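The values are calculated or read from the model by the stated rules, or taken from the named source; none is laboratory data. Small disclaimer: the values here were computed from a predicted structure and weren't measured. With ideal geometry, Cβ positions are generated from the backbone for all residues, glycine too; neighbour counts draw on all protein chains shown.
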Amino acid sequence: MGRSLKPFKETISRAEVDMTRSPILRKGSRSILERMYLSKIGDIKIKLHRPIEGKIKRLTVRWAATGKWYACFSVGQEDLPKPPWKDGSLVGVDVGLESFATLSNGEKIANPRFFREEEHELARVQRILSRAPKGTPERKKALEIVERVHERIANKRYEFAHQISNQLVNRYGLIAFEDLNIKGMMQNHNLAKSIGDVAWNMLVTLTSYKAASAGSMVVLVDPRNTSKMCSRCGILVQKDLSERVHNCTQCGLSIDGDWNAAINIHRLGLQSVGIQSVQARPL
């Protein structure tokens, strides 16, 4: 929500504080919420990330090393009638590193690689930070610049996940993801940086909380053998992770490996809601 007024910063000495009294939001000259009033602190200029829907129940204020304050609102909403389920619009989603995601209809979502595109800039500012003497204004300024780069990367990931999750819940009634052990996968030091960059869990989380109000359902399926199983005949095809194409010696199916996995995820998603007769297969 931008930099705060000086009295606000002096009042809050911790990095994160829960406010027990609800804030008062004020509209500006353009009928847009531009200020927030907090008891014992006063008016603060704000920049809302998105409209607040519902009654504010709790406010958490957090200070970032970039010198910015952030307000996180927890809101309560009345139970609204859910929209009808988007019957028939079903999709399996295979998340990956080469492509951010592959859908069971064959669509691919490119991996934006936000960290990779900022990696050289981050290394440059970190070198400046390492050379700055501790306890000096130069080091404080350098640290703030490093944090700004990290913040920029995080914001790009968040906005991208929001866009993709919106597209999924607007198009599909049943969205199936693998129930991945991402923490365990991060133990692979060769892949940890790339896995952290794609932020798969953020996509699943955002899609899940948006699904109910959009008339959609998110299911998590067992990831075992989704890449090895042939989506046409069902046998397991042994392959290395580096192999990008699924070639089945049993039925002759040759298909993009991620697409093959997405079709299997789609089938498992259908089974998880009791739809056993529908088989998702490539054409």
All but one of (1) part of a loop (DSSP other than H, G, I, E, B); (2) over 30 Å from Ile175 (Cβ atoms); (3) modelled with pLDDT of 95 or more; (4) not basic (Lys, Arg) hold for Ile128, so report the exception by its number.
(1)
Going through the stretch 208-253 in order, the residues found to be free of Cβ contacts under 8 Å to residues at least 12 places away in the same chain, among the small types (Gly, Ala, Ser) and surrounded by fewer than 17 Cβ atoms within 10 Å (Cβ to Cβ) are Gly234, Ser242, Gly252
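Can you pull out every residue in the stretch 185-207 that is within 18 Å of the chain's Cα centre (by Cα), surrounded by fewer than 17 Cβ atoms within 10 Å (Cβ to Cβ) and not small (Gly, Ala, Ser)?
Within the stretch 185-207, Met185, Met186, Lys193, Asn201, Thr205 meet the criteria.
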Count of residues meeting criterion [crowded, with 16+ Cβ neighbours inside 10 Å and out of contact with any Asp or Glu (no Cβ under 9 Å at 6 or more places or on another chain)] in the stretch 152-166:
5
Between a first residue in the stretch 38-51 that is farther than 16 Å from Cys72 by Cβ and a second residue that is part of a loop (DSSP other than H, G, I, E, B) and of a type in the set (D, E, K, R), which pairs have beta carbons less than 8 Å apart while being 6 or more apart in sequence or on different chains?
Ser39/Arg21
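For the stretch 218-240, name all the residues that are more than 24 Å from the chain's Cα centre (by Cα) and in a loop (DSSP other than H, G, I, E, B).
Asn225, Lys228, Cys230, Ser231, Arg232, Cys233, Gly234, Ile235, Val237, Gln238, Lys239, Asp240
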If Ala261 passes every condition in (1) out of contact with any Phe, Trp or Tyr (no Cβ under 7 Å at 6 or more places or on another chain); (2) in a loop (DSSP other than H, G, I, E, B); (3) touching a residue at least 24 places away in the same chain (Cβ under 8 Å) but one, which one does it miss?
(2)
